[in-house]
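To keep things clear, I will list the structure first and then write my remarks on it.
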Amino acid sequence: MPAPGRARGVRQTLRAVLDLMRVGKPYGTLLLLWPSLWALTLASGGRPDWQLVAIFTVGAFLMRSAGCVINDIADRRIDPLVARTRTRPLADGRLSVATALVVFALLVGVSLLLILHLNRLTILLSGAGLGLAVLYPFTKRFVSVPQAFLGMAFGWGAFMAWAAVTREVALAPALLFAATIFWAIGYDTIYAIQDIDDDRKVGVNSSAILFGAAAWIWVIGCIAATCLLLGIAGWLHGAGAVWFASLTGVLAYGAWQGAQVRRGLDRARAFELFKAHVWVGAALLAALLVDLNPTGAA
């Protein structure tokens, strides 16, 4: 039987690993997941295979967690200087970089075992998805809008999901991919407002810094571009009134969020507006399911 002190140390390490993986903060996992589920739904005509849904849901959790690990390794010297991130496990010394790399390897390994259940094209596409997930955390050092790379990493699942159903790549997933890039720039600009002062001090880039006082216009414009691209993708594959009504609602909500940004946001409010996009993605998925499969047939 392990000594009490050792058992306590194991529990503390486990809690730190869970914090590293953001297990208690599912927003990123869901924002990563929605584009894949949109693609599965469109590709299947509103009747997604539930085994594929399960694979992509678990995969989204694993890859978002792996991305968080790499992010914290990349930012381990920056995070202690930022109010929001100074209590992360690598920043406050609860975990070592070596432990974090082991966690990353395990997450990627399990993801690989999961993806092997899919077809060859999807497996090949997953390599690029992993590359984007690893690259994104470093882009804030040399790209003015790292949120665009976040959108690429989150939107790549649309290609994979489409390929998992159809065994090909087509225009529709490319539109979903592009829409996710604009969507991520929109919602993550709001998110980045939380850190704008600290980011300036430590010398990292964000769209909130680049856009400055015009950030509200960019938020509205990016949400509008998202809706346009999603509308075209849905129209190409038979979506109708419910889908376009939902996109109209999202556009109106994006305009309202832009107005809030223009008035000025504190950190708490910026985070609340960012989190709301989890529900935007869920509402769009529900609209697509209803529109393409109104009878609910299997």
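The values are calculated or read from the model by the stated rules, or taken from the named source; none is laboratory data. Just so it is clear, the model here is predicted, and its values are computed rather than measured. So basically every Cβ, Gly included, is an ideal-geometry build from the backbone, and we count neighbours across all protein chains shown.
Within the stretch 229-288, can you find the residues that are basic (Lys, Arg) and either touching a Phe, Trp or Tyr at 6+ places or on another chain (Cβ under 9 Å) or on the phi > 0 side of the Ramachandran plot (or both)? Quick ask: steps written out before the conclusion?
Just the residues of the stretch 229-288 that are basic (Lys, Arg), to begin with: 262-263, 267, 269, 275.
Of everything in the stretch 229-288, those that are basic (Lys, Arg) and either touching a Phe, Trp or Tyr at 6+ places or on another chain (Cβ under 9 Å) or on the phi > 0 side of the Ramachandran plot (or both) turn out to be Arg262, Arg263, Lys275.
Conditions tested, residue by residue: (1) touching a residue at least 24 places away in the same chain (Cβ under 8 Å); (2) of a type in the set (A, V, I, L, M, F, W, C); (3) over 24 Å from Trp243 (Cα atoms).
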{"residue": "Leu32", "(1), (2), (3)": "yes, yes, no"}
{"residue": "Ile55", "(1), (2), (3)": "yes, yes, yes"}
{"residue": "Gly59", "(1), (2), (3)": "yes, no, yes"}
{"residue": "Arg64", "(1), (2), (3)": "yes, no, yes"}
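Every residue, every condition in (1) hydrophobic (A, V, I, L, M, F, W, C); (2) at negative phi, yes or no:
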position	(1), (2)
Pro137	no, yes
Ser144	no, yes
Gly151	no, yes
Gly157	no, yes
Arg167	no, no
Phe182	yes, yes
Thr189	no, yes
Arg200	no, yes
Val204	yes, yes
- Subset of the stretch 95-133 (residues that are of a type in the set (A, V, I, L, M, F, W, C), over 18 Å from Phe154 (Cα atoms), surrounded by fewer than 17 Cβ atoms within 10 Å (Cβ to Cβ) and touching a residue at least 12 places away in the same chain (Cβ under 8 Å)): Val97, Leu101, Val110
- Message: For the stretch 269-284, check the following and say yes or no: at least one residue is within 23 Å of the chain's Cα centre (by Cα), over 30 Å from Trp50 (Cβ atoms), at pLDDT below 95 and of a type in the set (Lys, Arg).
- Response: no
- Query: Do we find that Ile223 is touching a Leu at 6+ places or on another chain (Cβ under 9 Å) and at pLDDT 95 or above in this structure?
  - Reply: yes
- Message: Would you confirm, using the coordinates I've provided, whether Phe154 is closer than 25 Å to Phe61 by Cα and either in contact with a strand residue (DSSP E or B) (Cβ under 8 Å, 6 or more places away or on another chain) or of a type in the set (A, V, I, L, M, F, W, C) (or both)?
- Response: yes
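Here is a yes/no grid of residues against (1) outside any helix (DSSP H, G or I); (2) under 28 Å from Gly186 (Cα atoms):
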site	(1), (2)
Ser111	no, no
Leu114	no, no
Ser126	no, yes
Ser144	yes, yes
Ala153	no, yes
Ala158	no, yes
Trp162	no, yes
Val169	yes, yes
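Where in the stretch 182-298 are there helices (runs of 4 or more DSSP H), lying wholly inside it, with at least 3 residues that are buried (at least 16 other Cβ atoms within 10 Å of the Cβ) and of a type in the set (S, T, N, Q)? So that I can check it myself, show each step before the final result.
On the way: elements: 196-202, 207-211, 215-236, 241-263, 267-292.
Once the helices (runs of 4 or more DSSP H) in the stretch 182-298 are filtered for at least 3 residues that are buried (at least 16 other Cβ atoms within 10 Å of the Cβ) and of a type in the set (S, T, N, Q), what remains is 241-263.
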